[in-house]
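Asker: What follows is a single structure, and I will ask about it in a moment.
The values are calculated or read from the model by the stated rules, or taken from the named source; none is laboratory data. From a predicted model like this one, the values you see are computed outputs, not experimental measurements. Positions of Cβ are generated from backbone atoms using ideal geometry, with glycine treated the same way; all protein chains shown enter the neighbour counts. To get the accessible areas, we keep the full protein, side chains included, count just its heavy atoms, and leave off ligands, DNA and RNA. Shrake-Rupley method; radii C 1.70, N 1.55, O 1.52, S 1.80 Å.
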Amino acid sequence: MTTATRYDRRMYALMNRREAAPLYRTAARRRVLVAAHVLLTAAAATTWLAMVVADAGWAAFAMLGLLLPWVVATGGINAATRGLLELRGRMLDERQTAERDRVRAIAHRATTGLLLLGTAAFGLLLWTTDVRADGEVVFAALFTALVVHWLMPLWVAGLRAEDDIRTDGDDLP
């Protein structure tokens with residue numbers, strides 16, 4: 001087994017802090033946290049697309065307003081999963097490594113399904129109407145797919161996290 005570096009120990013300590021525990025203590029709270037993160041991500045992605053594609057000046061201020069709540073929600077999910085997706089493999093035990101693999105597989109299947117639905121809907125729209133895809137629409141669709149693909153493992157891990165049963169005496173392995 002590879003020894004933990006100073007970075008590994010620091011990340012492990014950061015991911016196992018309990019200050020945000022009230023956000024994710026129960027399954028219902030974790031679901032709300034993940035839903036809030038999904039909504040904040042959608043709002044931030046939409047705002048960013050408005051800024052880039054539509055050249056909306058107001059969007060930069062909206063992005064700044066969304067940034068802090070998005071970071072807090074991301075941190076809450078990472079804390080609920082004890083850094084399952086953020087820690088290096090050498091810092092995870094066998095159970096955590098297996099759970100990370102399951103989370104990634106479920107997220108991959110979910111993302112594939114969403115991409116299939118989106119592609120079919122967009123193809124049907126182009127086939128049945130006079131609407132033609134221009135570069136901005138295609139860019140927005142690709143950007144949305146990228147964001148969902150990037151964050152789906154985090155959302156799945158947050159939804160699959162179990163209630164905390166650790167005691168205060170549990171420390172770094």
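Asker: Taking 7 Å along the Cα-to-C-beta vector as the label spot, tell me the Arg90-Thr128 distance in nanometres, rounded to one decimal.
Answerer: With each label placed 7 Å out from Cα toward Cβ, I get 5.5 nm.
Asker: Compute the distance in nm between two label points, each set 7 Å from the Cα along the Cα-to-Cβ direction, one at Ala43 and one at Leu116.
Answerer: 3.3 nm
Asker: Let me ask something else about it. Taking 25 Å as R0, compute the FRET efficiency from the Cβ-Cβ separation of Trp58 and Val137 and round it to 0.05.
Answerer: 0.70
Asker: Tell me, what % of the accessible area of the chain is carbon and sulfur with a 1.4 angstrom probe?
Answerer: C and S fraction of accessible area: 66 percent.
Asker: Still on this structure, please answer the following. Under the rule of -39500 (n - 2.57) per DSSP H run of 4 or more residues, summed and divided by the residues of the chain, what mean residue ellipticity at 222 nm is obtained, to the nearest 500 deg cm²/dmol?
Answerer: Helix contribution divided over all residues of the chain: -25000 deg cm²/dmol.
Asker: Residues with amide H under 5 Å of Ala56's amide H, sequence separation 5 or more or different chain, H placed in the peptide plane at 1.01 Å from N; which?
Answerer: Residues meeting the amide H criterion: Met51.
Asker: I've got another one for you. Report the longest stretch of the chain that contains none of the GluC sites (Glu not before Pro) sitting in a DSSP loop with at most 13 other Cβ atoms within 10 Å.
Answerer: With GluC sites (Glu not before Pro) excluded where exposed in loops, the chain gives 20-161 as its longest stretch.
Asker: Next up: Between exposed trypsin sites (Lys or Arg not before Pro) in the chain, where DSSP calls loop and at most 13 other Cβ atoms lie within 10 Å, what's the longest gap?
Answerer: Maximal segment without exposed cleavage sites: 19-131.
Asker: Still on this model: Computed on alpha carbon atoms, what radius of gyration and Dmax characterise the chain, expressed in Å?
Answerer: Answer for the chain, Rg first and Dmax second: 19.1, 65 Å.
Asker: Testing the spin-label approximation: label points 7 Å from Cα along Cα→Cβ at Arg109 and Val72. State their distance in nm.
Answerer: 3.5 nm
Asker: What is the dipole size for the chain, taken about its Cα centre, with +1 at each Lys and Arg Cβ and -1 at each Asp and Glu Cβ, in debye to the nearest 20?
Answerer: 440 debye
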